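Undergrad: My questions will all concern the structure given below.
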Amino acid sequence: MLTIYGHPLSSYSQKVLIALYEIGVPFTFRQVDLGDEADREVMASIEPMGLMPGLKDTARGVILSQSSVIIEYVDLHYPGELRLLPEEPDLTLFVRQWDRFFDFQIMQVTQRLVDARLFMEKATEEPIAIFARERLERAYAALDHHLRDREWVAEQFGLADCAAAPSLFYAGILNPFHGYPALSAYFERLLARPSFHRARTEALPCLKYFPFPELIPARFLT
Ligand SMILES: N[C@@H](CCC(=O)N[C@@H](CS)C(=O)NCC(=O)O)C(=O)O
């Protein structure tokens, strides 16, 4: 009934996979290779820019993109025991706010470092990398403060934590969490979460394509 289009290495795809594993809903994963023209067309038929992930729900005739929207959709129509968005509207806003924080302040900034390495000359890469690392440090400080007395971003594990896991995984490889004890402890809790462990394990064969292989800690390679 549900098909997720994405790639195991893609952070936004992982975010959705983590959510679906948490919810416990059955689905098919259709791996998309954006280097392949036919697959690019498939993705463009789901998301206007051809970005992953996407969702098709044949039972309800729904096609959706945007990781957060997909997760909200599945949480609403195929709820599991653990709800990833709170019932209470004000609490939902709080969770959405932090979900966007991880997407915009962690993942997008990390993506700049990756794009600069992949697509730019060394002389152009360097100033972009300095700026991106400064942004990450600011975001880490904000998260460290927020997570001082919390197990998860909100009262219980939810949407924002699904966004946090892959974005912090990649950000932490490029710019480790030195000097942020609450953030480091939170990241260890995310690593121990079975849903994230499963998504990471599925991505292992592709991790060699990450453009900073020398920075990947050994414990992430098994
Ligand atoms: N806001 C989107 C971001 C989607 C996105 O940037 N996906 C990346 C993969 S992680 C992508 O498809 N990149 C391919 C490209 O930029 O051409 C979401 O939350 O789903």
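Undergrad: Check residue 9 against each of (1) in a helix (DSSP H, G or I); (2) touching a residue at least 40 places away in the same chain (Cβ under 8 Å) and name the one condition it does not meet.
TA: Of everything listed in (1) in a helix (DSSP H, G or I); (2) touching a residue at least 40 places away in the same chain (Cβ under 8 Å), residue 9 misses just condition (1).
Undergrad: Right, another one. For the structure I just gave you, tell me whether residue 87 is assigned to a loop (DSSP other than H, G, I, E, B) and either over 19 Å from the mean Cα position of the chain (by Cα) or in the same structural domain as residue 192 (by TED's automatic domain parsing) (or both).
TA: Working: assigned to a loop (DSSP other than H, G, I, E, B): yes; either over 19 Å from the mean Cα position of the chain (by Cα) or in the same structural domain as residue 192 (by TED's automatic domain parsing) (or both): yes.
For residue 87, the condition - assigned to a loop (DSSP other than H, G, I, E, B) and either over 19 Å from the mean Cα position of the chain (by Cα) or in the same structural domain as residue 192 (by TED's automatic domain parsing) (or both) - is met.
Undergrad: Which one is farthest from residue 173 (Cα to Cα) among residues in the range 104-113 that are open to solvent by 20 Å² or more (accessible area, probe 1.4 Å) and in contact with a helix residue (DSSP H, G or I) (Cβ under 7 Å, 6 or more places away or on another chain)?
TA: Let us first name the residues in the range 104-113 that are open to solvent by 20 Å² or more (accessible area, probe 1.4 Å), namely 104-105, 108, 111-112.
When the remaining residues are screened for being in contact with a helix residue (DSSP H, G or I) (Cβ under 7 Å, 6 or more places away or on another chain), the result is 105, 112.
Values: 105: 16, 112: 14 Å.
Restricting to residues being open to solvent by 20 Å² or more (accessible area, probe 1.4 Å) and in contact with a helix residue (DSSP H, G or I) (Cβ under 7 Å, 6 or more places away or on another chain), the top hit is 105.
Undergrad: Please work out which residue is farthest from the ligand (Cβ to nearest atom), limiting yourself to the range 46-82 and to residues that are open to solvent by less than 60 Å² (accessible area, probe 1.4 Å) and among the hydroxyl-bearing types (Ser, Thr, Tyr). Working first, answer last.
TA: From the range 46-82, those open to solvent by less than 60 Å² (accessible area, probe 1.4 Å) are 46-47, 50, 52-55, 57, 62, 64-65, 67-68, 70-75, 78, 80, 82; that's our starting set.
Filter once more, keeping what is among the hydroxyl-bearing types (Ser, Thr, Tyr): 65, 67-68, 73, 78.
Values: 65: 6, 67: 4, 68: 6, 73: 12, 78: 19 Å.
Selected residue: 78.
Undergrad: Let me ask something else. Within the range 114-128, does at least one residue satisfy the condition of being over 22 Å from residue 197 (Cα atoms), of a type outside the set (Gly, Ala, Ser), in contact (Cβ under 8 Å) with a residue 24 or more places away in the chain and surrounded by fewer than 15 Cβ atoms within 10 Å (Cβ to Cβ)?
TA: Looking through the range 114-128, at least one residue is over 22 Å from residue 197 (Cα atoms), of a type outside the set (Gly, Ala, Ser), in contact (Cβ under 8 Å) with a residue 24 or more places away in the chain and surrounded by fewer than 15 Cβ atoms within 10 Å (Cβ to Cβ).
Undergrad: Additional query: Just the residues that are in contact (Cβ under 8 Å) with a residue 60 or more places away in the chain and within 14 Å of the ligand (Cβ to nearest atom), please, taken from the range 13-45. Please lay out each step first, then the result.
TA: Here is the first cut: in the range 13-45, the residues in contact (Cβ under 8 Å) with a residue 60 or more places away in the chain are 14-19, 21-23.
14, 15, 16, 17, 18, 19, listed by residue number.
The values are calculated or read from the model by the stated rules, or taken from the named source; none is laboratory data. Not measured: the values here are computed from a predicted model. For neighbour counting, all protein chains shown are included, and Cβ atoms are generated from backbone atoms with ideal geometry for every residue, glycine included. SASA here: full protein model, heavy atoms, side chains in, ligands and nucleic acids out. Shrake-Rupley method; radii C 1.70, N 1.55, O 1.52, S 1.80 Å.
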